[in-house]
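*Asks:* First, the structure itself, so that you have it in front of you.
What follows is calculated from the coordinates using simple rules that are stated; it is not laboratory data. Treat the numbers as computed from the prediction; the structure is a model and nothing was measured. Cβ coordinates were reconstructed from backbone atoms using ideal geometry, including for glycine residues, and neighbour counts include every protein chain displayed.
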Ligand code: G3P
């Protein structure tokens with residue numbers, strides 16, 4: 001399973017890229033807005049300079065022609081730009097048209113398997129089920145990943161990648177990988193937590209203390 005970073009913060013992207021684990025970046029309008037004063041196009045171009053992999057840029061139109069227009073514009077910014085489109089009927093129309101123009105899409109805000117199946121049939125490159133936001137409603141979000149993976153694997157015509165989104169903690173990463181997701185997109189904080197273990201810290205301290213106390 002590949003790891004993407006779910007952020008528009010260039011410092012976080014630069015740092016995670018230096019770990020050698022990053023295969024792509026996802027953004028959304030909320031994440032872009034969090035980076036005060038940053039221009040959308042410039043931000044996407046700067047991310048593309050830091051990471052050699054798919055970078056999702058989200059449309060804000062509600063109708064298919066508007067989504068297609070935005071998608072064509074964003075895709076021209078860099079070959080790695082993937083167009084994020086919401087899981088709606090207008091979204092399906094936009095995905096199929098963008099796919100016809102060889103522009104890759106990431107169908108976002110997916111909350112049920114039928115949205116995922118139809119997005120794949122329309123030609124989505126990536127589907128983004130929102131695990132954490134489903135968990136927030138008291139329902140097991142990971143079950144959606146399992147169902148989509150099962151549906152996609154049974155259909156040899158479907159090549160759409162399953163991207164586990166709305167990741168809230170390291171266990172979500174583990175369970176996404178076990179469920180067969182192709183990608184997990186993670187907030188930077190969750191990636192940092194993923195490499196923390198008190199026994200690792202204690203082990204390092206002990207090794208150093210023993211090393212210093214060795215008799216030569
Ligand atoms: O980028 C989409 C998704 O990962 C958002 O996550 O935490 O806002 O539910 P969250």
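*Asks:* Stretched out fully, how many nm does the piece from residue 89 to residue 178 gain, at 0.36 nm a residue minus the Cα gap?
*Replies:* Roughly 29.0 nm would be gained on extension.
*Asks:* Can you give the relative contact order of the chain as a percent, counting alpha carbon pairs under 8 Å and 6+ residues apart?
*Replies:* 17
*Asks:* Which angle between 0 and 90 degrees, to the nearest 10, do you get for helix 170-179 versus the longest principal axis of the chain when only C-alpha atoms count?
*Replies:* Relative to the chain, helix 170-179 is tipped by roughly 60 degrees.
*Asks:* Could you please state, rounded to a whole Å, how far the C-alpha centre of region 145-216 is from the C-alpha centre of region 101-127?
*Replies:* When both Cα centres are located, 24 Å separates them.
*Asks:* Next question. How much length is gained if the chain between residue 30 and residue 49 is pulled fully straight, taking 0.36 nm per residue apart and subtracting their Cα-Cα distance, in nm to one decimal?
*Replies:* 4.7 nm
*Asks:* Given 37 °C and 0.692 mPa s, compute D for the chain with the Stokes-Einstein relation, Rh being the Kirkwood radius over Cα pairs; round to the nearest whole µm²/s.
*Replies:* After rounding, the answer is 181 µm²/s.
*Asks:* Could you tell me how many degrees, from 0 to 90 and to the nearest 10, lie between the Cα long axis of helix 89-100 and the main elongation axis, the longest principal axis, of the Cα atoms of the chain?
*Replies:* Orientation of helix 89-100: about 90 degrees from the principal axis.
*Asks:* Taking R0 as 22 Å, what's the FRET efficiency between residue 60 and residue 100 from their Cβ-Cβ distance, rounded to 0.05?
*Replies:* 0.50
*Asks:* Would you please give the FRET efficiency between residue 114 and residue 15, computed as 1/(1 + (r/R0)^6) with r the Cβ-Cβ distance and R0 = 45 Å, to the nearest 0.05?
*Replies:* Efficiency, from the Cβ-Cβ distance: 0.75.
*Asks:* Suppose R0 equals 45 Å. What FRET efficiency, 1/(1 + (r/R0)^6) with r the Cβ-Cβ distance, do residue 135 and residue 212 give to the nearest 0.05?
*Replies:* 0.50
*Asks:* Ranked highest first by the average count of other Cβ atoms within 10 Å around their residues, in what order do 160-173, 134-147 fall?
*Replies:* 160-173, 134-147
*Asks:* Also, I was wondering about something else. Run the quick spin-label model on residue 23 and residue 73: label points 7 Å from Cα toward the beta carbon, then report their separation in nm to one decimal.
*Replies:* Here the modelled spin labels are 3.1 nm apart.
*Asks:* Kindly express, to the nearest 10 degrees and within the range 0 to 90, the angle between helix 198-212's C-alpha long axis and the longest C-alpha principal axis of the chain.
*Replies:* Roughly 30 degrees between the two axes.
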